[in-house]
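Have a look at the structure below, then the notes.
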């Protein structure tokens, strides 16, 4: 079971949040940083940044960035850590007006775990820049440990563009001898990056009905030639899907969807790419994998379904927006949205699921529901590029991996507002303890309250008398509960039923955390 | 042990609601915990009690939750099956 932590508590329906990313500090897995778009009205947005220092139990939101002169907004947040403990945010700045002209790739730095952020550093300017992705080499054994990589589409040049920093963000370059924006591929859409433990890193993207990839084994100085990992996919396109405002929608949905090739490097030469595919007449997650650094692909040429048989979604559900990440132990997770009626005749809602592979992507043998309730994508949904015929829930969401397991960061409307939620797999106990001891006066009733219990924990209270006697009950209790955004205060009201002083112990059992 | 959330609702001010859930195996040892999902300050928001009913089709748990406040409160009714 996954804990569902509401990260943001925004009462304004104008502050819809979506399209999020999450990264876990590789040196301190209790420090987690998230980023999302935050709309300020149905068709304008900027970023919000979130940080947790207790493993996702509680969160703070960084002060609003504001926008630079001449900017109308910033989009497509993506995050990466360097080896100096800085976390980097890559954003796409764009200008004002109906056409929202693209400006370029802006890098922001936080040196305090995501609490505060620097002014942007515009590392590349092109009116064709779009859909960037960032990743850090966070593997101490890698010869390129600490490098930060960024890739994006330069639509004007028709290339997949690349930049890197090898000095914790002091300078940004491209491939060897080139500045930021050097071309590493062609005809790209929405590149993603993943770094293996030995420093090999991969860039994957969608090119029509192909999933292309390149790799670098020298820290981004050079890349292999682009080759197809998978060919003949059926991306989400119109037709057959509707696109009333020019953006593709799923049947029964009004939010925009697309096919992005998510990737994750596993142990050794393992690499997994996953995408939303419509070949079955319903959107499903398909994937391809290689165990030899991309030299060969086991399920070529068109990939295979992520989940089959009893693990597959029902025929009336659409799976989309896959996100892929790996844990340090090599397990690979693929999170995705499932859209459809959750009961017969019910409204079409979205659940978040996580599928896991323990064999480097050869198969995904488990499927877990992350959301403890489904959410309605029609609630508080802003517009896509100002077009009221198509709404927006983000083109992707966040999945991270660390020694603590998978971290999921998604948009959720269960409160009536598009908010950010965080999920992590719960661990089952029990763990026992005594929170207090006291001697109660005769016939007293006392409210013993104790605060700062993480809201996701399942806690039982079992107070006990420590004054042996005979002849009847000595005490009774009832539990009342109070909630702050992230924590619970328990009020354990104990009544001494006797006419003598009574020693009591406030015992608890934590069933799950 | 198996854990989960069975009840999700928003309770009106001062409401007392019997959330009953049926079909639980009588051999299971089930405990119930209720937490509010609406943040507040100033005091307890909810309390609960559990009553049990056994029929040929299993156990029905009546989790009666009281909203102690003058405001609407979101609640989650969580369970743990201790012997699974």
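The values are calculated or read from the model by the stated rules, or taken from the named source; none is laboratory data. These numbers were taken from a predicted model, which means no experiment stands behind them. Cβ: placed from backbone, ideal geometry, glycine included. Neighbour counts: every protein chain shown.
Descriptive notes on the structure:
- Among the numbered conditions (1) within 13 Å of another protein chain (Cβ to nearest Cβ); (2) within 9 Å of the chain's Cα centre (by Cα), the only one that residue B:46 does not meet is (2).
Residues are listed down the side, and each one gets a yes or a no for (1) away from chain B (no Cβ under 14 Å); (2) over 14 Å from the mean Cα position of the chain (by Cα):
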| position | (1), (2) |
| --- | --- |
| A:1 | no, yes |
| A:10 | no, yes |
| A:16 | yes, yes |
| A:22 | yes, no |
| A:28 | yes, yes |
| A:34 | yes, no |
| A:37 | yes, no |
| A:40 | yes, yes |
| A:45 | yes, yes |
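- Tally of residues being touching a strand residue (DSSP E or B) at 6+ places or on another chain (Cβ under 9 Å), closer than 11 Å to residue B:11 by Cα and part of a loop (DSSP other than H, G, I, E, B) across region B:44-84: 4
- Residue in region B:51-59 that is within 17 Å of residue A:455 (Cα to Cα) and either surrounded by fewer than 17 Cβ atoms within 10 Å (Cβ to Cβ) or more than 8 Å from every other protein chain (Cβ to nearest Cβ) (or both) present: no
- Across region B:1-43, the number of residues qualifying as at the interface with chain A (Cβ under 7 Å from one of its Cβ atoms), in a loop (DSSP other than H, G, I, E, B) and within 16 Å of the chain's Cα centre (by Cα) comes to 2.
- Of residues in region A:457-481 being free of Cβ contacts under 8 Å to residues at least 40 places away in the same chain and closer than 22 Å to residue A:431 by Cβ, the one surrounded by the fewest Cβ atoms within 10 Å (Cβ to Cβ): A:466
- A residue that is buried (at least 24 other Cβ atoms within 10 Å of the Cβ) and either in a loop (DSSP other than H, G, I, E, B) or touching a helix residue (DSSP H, G or I) at 6+ places or on another chain (Cβ under 6 Å) (or both) occurs somewhere in region A:276-298.
- Residue count for region A:482-512 satisfying the condition of being buried (at least 18 other Cβ atoms within 10 Å of the Cβ), more than 14 Å from chain B (Cβ to nearest Cβ) and touching a residue at least 60 places away in the same chain (Cβ under 8 Å): 3.
- Scanning region A:131-164 for residues that are at pLDDT 95 or above and at positive phi, we see that the one that is farthest from the chain's Cα centre (by Cα) is A:146.
- Of all the residues in region A:66-116, those that are over 21 Å from the mean Cα position of the chain (by Cα) and closer than 22 Å to residue A:8 by Cβ number 3.
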